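To start, the structure under review is shown below, and the notes come after it.
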2 protein chains.
Amino acid sequence: MQQFRKIDKIQIAQINKYNVIRCLMREGPINRAAIAKRLGLSIPTVMFITETLLKSTFIRSIGKGVSSGGKPPEMLEIVPERFFYIGLDIGRTMIRAVAVNAVSRQVACVEEPTNNPAPEKKFVDRIAGIILKIAGQLKTENNRILGASIAMPGLIEKETGVVLFSPDFGWNNIPLQEWLTAKIPFPVLLENANRALALNEVFLMGGENSHTTFAVNLGYGIGAALVIGEDLYTGASGTSGEIGHITALPQGPVCHCGNRGCLEAVASGAAIAAQGKSVLESQGPGSRKASKIRELAAGDPEKVDAALVFRARELGDKEAARIVNSAAEHIGIGLSMAINVLDPDRLVLCGGLMRNGPFFLEKIKASIETHRMRQAGRAVIISTGRGGEYSTANGACRVLSNSLWRNRQLPV
Amino acid sequence: MQQFRKIDKIQIAQINKYNVIRCLMREGPINRAAIAKRLGLSIPTVMFITETLLKSTFIRSIGKGVSSGGKPPEMLEIVPERFFYIGLDIGRTMIRAVAVNAVSRQVACVEEPTNNPAPEKKFVDRIAGIILKIAGQLKTENNRILGASIAMPGLIEKETGVVLFSPDFGWNNIPLQEWLTAKIPFPVLLENANRALALNEVFLMGGENSHTTFAVNLGYGIGAALVIGEDLYTGASGTSGEIGHITALPQGPVCHCGNRGCLEAVASGAAIAAQGKSVLESQGPGSRKASKIRELAAGDPEKVDAALVFRARELGDKEAARIVNSAAEHIGIGLSMAINVLDPDRLVLCGGLMRNGPFFLEKIKASIETHRMRQAGRAVIISTGRGGEYSTANGACRVLSNSLWRNRQLPV
């Protein structure tokens, strides 16, 4: 049931304007009569709105279209370079940044290794540098850049832009937004990386047709986000989606979050690497039946990462297969939980672990089939993410764009 | 982002009317000027709407209120007996039915033991009899009864009113709504019992101030529902909330859903009873240190239910304490998962298991503190349900009422 809320003519006018913009974004180039028909608006209403948008150079005419009898209609489209969003994906391994234009197309990108994220102040200087670098690539005025949106792992207090707790970075209560705002000539926004990623994957799949998407990021850590329709489900305190820290093995290894047996501690990229390392270390350098893990790492435990364990499995290594299968089994149990409780229509598996071949998805699916409740989540389609390595950075742009749409703050 | 959706004057008029009704329900008796002020509407608009509502005898005048200067204002209120909802809670142990009036007050109730729910057709005849019995108690015309809303455990396809799968009842694909509609002179609606319960608990707590409530029903089985604001989160196929069937112990006992180690199979009322029974059965009749469970059940395993195990624990029985503590531990792990993933502001624990004294809530809270992620779900308040034994039946009425509100189908 909705709350008390008055709807007046000014709001209707704004809703109509934003619907016209949305129609132009999704279906442009398009003529005025087609917009009116699509939205159920009168032609004069659409003419009035498009006039405003033309004046603010938000849209432009690209000439006459094909006539369906009378005068050929004037075709309109969004001006792609009218404004830009900058999005950053600050991961534990890589930092990736993109710029996206007014029609959601990526127009620039940079990446560099994360390396040591301490001391925090110095690290934030580097982040600011990356933002300014990509802004420079756009060769546009700063007021056309609507903001820089940062996606990073951990619990984030959105209102204040503080990183409350990021186990991956070992951060507690870092006022990242405040520090960056002091160094950047446009607004800064902060969001959890899994949410940014989820928003982008929903966009790529055509979110307007979706009921509920649960997108999981299986990488160095494990996190997730729930998207209802095209909107992020945030939770009451902004910390939802922490599926990596559900208890998978009550007596399992200690997680870097401080708890014991978290899914992230038994099935993430970091956990797979740690288990691979201990296989290597448990075998002496000259052991007769040395595992492929030791071979691929040339005996150096520091060289063992999740990808190496996956490669060792491919080469027939039994220990590596056991580690990878156990991870898939636990991930499947966690995802069955999400299916039982959330009943999404889409379960999207993203992140580095999913880039090790289709067998891993199949293993996870098999575990889900064993553990999910019969008939629960009947509508769910399970797939891998489509966005590639820059998906989270693009998603950061969507976080910003969604926020501006919601608050009707587009420069129109 | 919202979909293309035109808002026109007819919709605005309806939104205003429903806001006036809501205002009268929450704050009535109230005068027209106060309604106008509360909703930001003009006095003539409010006068027009209240005139319609007076004509349809949906509201009535109860005379003059206290003047704040001028003419004393006329006070209006909803007519409580203008219409009714009937709600049924079909549980595995008891069937409870209530009638609720137009101002959400329970005005009648009946209950009887469920006994054998087979054969299904015969059982449904009994349900129809209960509905007609409570309708009879209302001494009103059938057209004032807006419908009968059935809450029962299991997966339900709402559109068709089919019980897809109810492990508690051993039902598969029972067209309950269709069968009942043939026997009842008003509409029939079907919903999962945990959802009905959750809606009622949210209502009792003042749902308009809530972000997200996760309400868990810990009884013979275990189920839950998520309420966002005052609306049920349903999921894509209507099966969300099945927290009882998350895998708590991969190698645990087989659950009646067919899977292994479900939370319901290790921590529900049924599971506690089963563990109590096996304690009794593992001891010979003359064993020297017989447990209190055997004593309280007078040696009869059939007499062991969850309540008996809780009583044995109270009397100092160590085996009973182990069973109960283990259930609390597993429930806490499951709820930590819900907190990590959903970040609700309210976690409400309801159902029979919670009626065994405050210690059980404390044990569950302790397990949650051990297993939830630090800083996740910072806003959550954990409490027990307030609605008592008829909460689910009242909730069934709310399911119906919400549906009529949403579709603007109140007889006004």
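The numbers here are math on the coordinates, done by the rules we state, and not lab data. Predicted model only: the values in this text are computed from it and were never measured. Neighbour counts are summed over all protein chains in view; Cβ atoms, including those assigned to glycine, are modelled from backbone coordinates with ideal geometry.
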**OP:** Report, by chain and number, residues whose modeled amide H sits under 5 Å from the one on B:LEU190, excluding near sequence neighbours (fewer than 5 apart, same chain).
**Re:** B:ILE150
**OP:** Would you look at the GNM of chain A, springs on alpha carbons closer than 10 Å, and say which of A:GLY258, A:GLY40, A:GLY154 moves the most?
**Re:** A:GLY40
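Lys and Arg at +1, Asp and Glu at -1: add these up for the other residues within a Cβ distance under 11 Å of A:LEU199 and post the number. Walk me through the numbers on the way to the answer.
Values: positive: A:ARG195, A:ARG398; negative: A:GLU191, A:GLU201, A:GLU230, A:ASP231.
Neighbourhood net charge equals -2.
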Subject >> Cα→Cβ-extended label distance, 7 Å offset, between A:SER42 and A:SER282, nm >> reply: 7.8 nm
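Give, as a single signed number, the net charge of other residues whose beta carbon lies under 11 Å from the beta carbon of A:ILE62, with Lys and Arg counted +1 and Asp and Glu -1.
Values: positive: A:ARG60, A:LYS64; negative: A:GLU74, A:GLU77.
Within the 11 Å Cβ shell, the charges total 0.
Once Rh for chain B is found with the Kirkwood sum over Cα pairs, what is the Stokes-Einstein diffusion coefficient at 25 °C and 0.890 mPa s, in µm²/s? The partial results should precede the final answer.
Numbers: Rh = 23.3 Å.
Here the translational diffusion coefficient equals 105 µm²/s.
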**OP:** Any chance you could get the radius of gyration and Dmax over the Cα atoms of the stretch A:82-193, in Å?
**Re:** 13.3, 39
Subject >> For B:ARG355, label point 7 Å along C-beta direction: distances to other copies, nm >> reply: 5.6
Original post:
For chain B, what does -39500 (n - 2.57) per DSSP helix run (n ≥ 4), summed and divided by total residues, give at 222 nm, in deg cm²/dmol to the nearest 500?
Top reply: -12500 deg cm²/dmol
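Which net charge results when you count Lys and Arg as +1 and Asp and Glu as -1 among the other residues whose beta-carbon is under 15 Å from that of A:ILE30? Provide the component values of the computation, followed by the final result.
Details: positive: A:ARG22, A:ARG26, A:ARG32, A:LYS37, A:ARG38, A:ARG60, A:LYS64; negative: A:GLU27, A:GLU74, A:GLU77.
Taking every Cβ under 15 Å from that of A:ILE30, the sum is +4.
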Original post:
Put a point 7 Å out from Cα along the line to Cβ at B:GLU314; what are the distances to that point in the other copies, in nm, shortest first?
Top reply: 6.3
Original post:
the stretch B:9-78: percent of C-alpha pairs farther apart than 18 Å?
Top reply: 31 percent
Original post:
trypsin sites (Lys or Arg not before Pro), restricted to the stretch B:99-130: which are DSSP loop and have at most 13 other Cβ atoms within 10 Å?
Top reply: B:ARG105
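Looking at chain A, do any whole DSSP H helices span at least 27 angstrom along their long axis by alpha carbon and average 0.0 or above on Kyte-Doolittle, and which?
Both cut-offs are met by A:120-138, A:318-342.
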Original post:
chain B: longest stretch without exposed GluC sites (Glu not before Pro) (DSSP loop, at most 12 other Cβ within 10 Å), sites themselves excluded?
Top reply: B:160-412
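Report the calculated FRET efficiency for B:GLU77 and A:ASP8 (r = Cβ-Cβ distance, R0 = 30 Å), to the nearest 0.05. Write out the running numbers ahead of the final one.
Numbers: r = 28 Å, r/R0 = 0.93.
The computed FRET efficiency comes out at 0.60.
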**OP:** In a Gaussian network model over chain A where Cα atoms closer than 10 Å are linked, find which of A:PRO119, A:PRO253, A:PRO167 has the largest mean-square fluctuation.
**Re:** A:PRO119
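What pairs in B:LYS37/B:LYS64; B:LYS37/B:LYS158; B:LYS121/B:LYS158; A:LYS158/B:LYS363 have C-alpha atoms more than 29 Å from each other?
Values: B:LYS37/B:LYS64 18 Å; B:LYS37/B:LYS158 39 Å; B:LYS121/B:LYS158 20 Å; A:LYS158/B:LYS363 33 Å.
Checking Cα-Cα distances, B:LYS37/B:LYS158; A:LYS158/B:LYS363 exceed 29 Å.
Work out the mean other chain Cβ neighbour count within 10 Å for the residues of B:381-387 and drop it here as an integer.
Numbers: counts 1, 0, 0, 0, 0, 0, 0.
Per-residue shielding by partner chains comes out at 0.
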Original post:
So for the stretch A:1-149, what percent of the C-alpha to C-alpha distances run longer than 23 Å?
Top reply: 53 percent
**OP:** For the stretch A:206-385, just the Cα set please: Rg and Dmax, both in angstrom.
**Re:** 17.3, 59
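Using only the Cα atoms, what convex hull volume per residue in Å³ does the stretch B:65-132 have? If you can, show how the numbers build up before the last one.
Details: hull volume 6.0 nm³, N = 68.
Taking only Cα atoms, the stretch B:65-132 has a hull volume of 89 Å³ per residue.
Relative contact order for chain A using alpha-carbon pairs under 8 Å, separation at least 6, rounded to a whole percent? Each step should come with its number before you reach the end.
Numbers: 789 pairs, mean separation 59.6, N = 412.
14 percent.
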Original post:
Using 0.36 nm per residue, how much length does the chain from B:ASN173 to B:ARG406 gain when fully extended, once their Cα-Cα distance is taken away?
Top reply: 81.1 nm
**OP:** Find the centroid of the Cα atoms in the stretch B:357-389 and in the stretch B:104-160, then give the distance between the two in whole Å.
**Re:** 33 Å
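With a ≥ b ≥ c taken as the square roots of the eigenvalues of the C-alpha gyration tensor of the stretch B:285-412, please select rounded if a/c is under 1.5 and otherwise prolate if a/b is larger than b/c or oblate if it is not?
Oblate is the answer for the stretch B:285-412, as a/c is 1.5 or above yet b/c matches or exceeds a/b.
Can you classify the stretch B:281-346 as rounded, prolate or oblate using the Cα gyration tensor, where a ≥ b ≥ c are the square roots of its eigenvalues, rounded means a/c under 1.5, and otherwise it's prolate if a/b beats b/c and oblate if not?
Details: a/c = 3.50, a/b = 3.14, b/c = 1.12.
Since a/c reaches 1.5 and a/b is larger than b/c, the shape of the stretch B:281-346 is classed as prolate.
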**OP:** Once the label point is placed 7 Å from Cα along Cβ, list for A:LYS289 the distances to the corresponding points in the other copies, in nm, shortest first.
**Re:** 4.4
**OP:** Would you compute, for the Cα atoms of the protein assembly as shown, the largest minus smallest coordinate along each principal axis and list the three values in descending order, in whole Å?
**Re:** 84, 77, 56
**OP:** Take chain A, connect every pair of alpha-carbon atoms lying under 10 Å apart with a spring to form a Gaussian network, then pick out the residue of A:GLN275, A:GLN283, A:GLN11 with the largest mean-square fluctuation.
**Re:** A:GLN11
